[in-house]
Amino acid sequence: MLSIIQAAGWPIWPLLACSILAMALIFERFVALKTARVAPPQLLNEAISVSSNAPPSTDMIKQLAQNSALGEVLASGLRTLNTTPRCSEADLRAAMEGTGRAVAHRLEKYLSALATIASAAPLLGLLGTVIGMIEIFGSQAVGAGNPAQLAHGISVALYNTAFGLIVAIPALIFWRYFRSRVDAYLLTLELSSEAFLRHLTQLRK
């Protein structure tokens, strides 16, 4: 591996940095976007059951908010109802939508960075290719040329092109995977919030 890096020249260092950053972002998103941390399947039914007769206590609401992203959205509705028992349905909706937007922003965290790496890596590889081609033509400009410099220019061009694609392809695949996963979560949060809002409206009456 070290010999490849040496043969590829200095243009490969930005690509190495991109690959390390991409791996870190992918690992972080895998941990952050677990179902248990975003939208546990039974949480909505449990929240409805606990608050079926009256709004739960402040401690229970706090525990619900710390449970997951969905719990945070549901807890915002309960907190609003506890604070203002005579609040309107519009007030409950506004509170839950505001929390939902904050949660959505958190779920989409680092996805733009991963997309940027997927777009920039081939360009960085192309930059290394161009630099390698410049070295090749530079070696041919003086007399018969320098075979060692010619070989070095070819290795710089090819290694950087290949490494740029090696970094970009997985980054693009994981970005699309996480994007679809976040979209599915957002739909689940929206549908669950609507169901819980109807429950809170009945509870308010």
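Every number in this text was worked out from the coordinates using simple rules, so none of it is lab data. Computed from a prediction, not measured in an experiment: that's the story for all the values here. Cβ placement follows ideal geometry from the backbone for every residue including glycine, while neighbour counts extend to all protein chains displayed.
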Worksheet item: Within segment 103-115, which residues are assigned to a helix (DSSP H, G or I), touching a residue at least 24 places away in the same chain (Cβ under 8 Å) and farther than 15 Å from VAL31 by Cβ?
Response: VAL103, ALA104, ALA113, ALA115
Item to complete: Could you list all residues from segment 152-180 that are closer than 30 Å to MET96 by Cβ and surrounded by fewer than 17 Cβ atoms within 10 Å (Cβ to Cβ)?
Response: ARG176, TYR177, ARG179, SER180
Worksheet, complete the sentence: Among the residues of segment 15-43, the number that are surrounded by 18 or more Cβ atoms within 10 Å (Cβ to Cβ), out of contact with any Gly (no Cβ under 8 Å at 6 or more places or on another chain) and in a helix (DSSP H, G or I) is 7
Worksheet, complete the sentence: The number of residues in segment 77-98 that are exposed (fewer than 13 other Cβ atoms within 10 Å of the Cβ) and outside any helix (DSSP H, G or I) is 3
Worksheet entry | Output for segment 69-83, where each listed residue is among the aliphatic types (A, V, I, L, M) and under 11 Å from VAL38 (Cα atoms) | ALA69, LEU70, VAL73
Practice prompt. Tell me which residues, restricted to segment 170-205, are assigned to a helix (DSSP H, G or I) and free of Cβ contacts under 8 Å to residues at least 24 places away in the same chain.
Written response: ILE173, ARG176, TYR177, SER180, ASP183, ALA184, LEU187, LEU191, GLU194, ARG198, GLN202
Worksheet item: Mind checking whether some residue in segment 116-129 is among the hydroxyl-bearing types (Ser, Thr, Tyr), crowded, with 18+ Cβ neighbours inside 10 Å and closer than 18 Å to ALA17 by Cα?
Response: yes
Discussion item. What's the number of the only condition in (1) closer than 30 Å to SER155 by Cβ; (2) free of Cβ contacts under 8 Å to residues at least 12 places away in the same chain; (3) more than 31 Å from the chain's Cα centre (by Cα) that THR83 fails to meet?
Written reply: (1)
Item to complete: Can you give me the number of residues within segment 185-194 that are aliphatic (A, V, I, L, M) and surrounded by 14 or more Cβ atoms within 10 Å (Cβ to Cβ)?
Response: 2
Discussion item. Can you report the number of residues in segment 17-42 which are free of Cβ contacts under 8 Å to residues at least 40 places away in the same chain and of a type outside the set (Ser, Thr, Tyr)?
Written reply: 13
Worksheet item: Does LEU92 satisfy being at negative phi, in contact with a Gly (Cβ under 6 Å, 6 or more places away or on another chain) and in contact (Cβ under 8 Å) with a residue 12 or more places away in the chain?
Response: yes
Fill in: Subset of segment 44-74 [touching a residue at least 24 places away in the same chain (Cβ under 8 Å), part of a helix (DSSP H, G or I), closer than 17 Å to LEU107 by Cβ and not hydrophobic (A, V, I, L, M, F, W, C)]
ASN67, GLY71, GLU72
Worksheet item: Any chance segment 8-25 includes a residue that's under 16 Å from LEU200 (Cα atoms) and over 28 Å from the mean Cα position of the chain (by Cα)?
Response: no
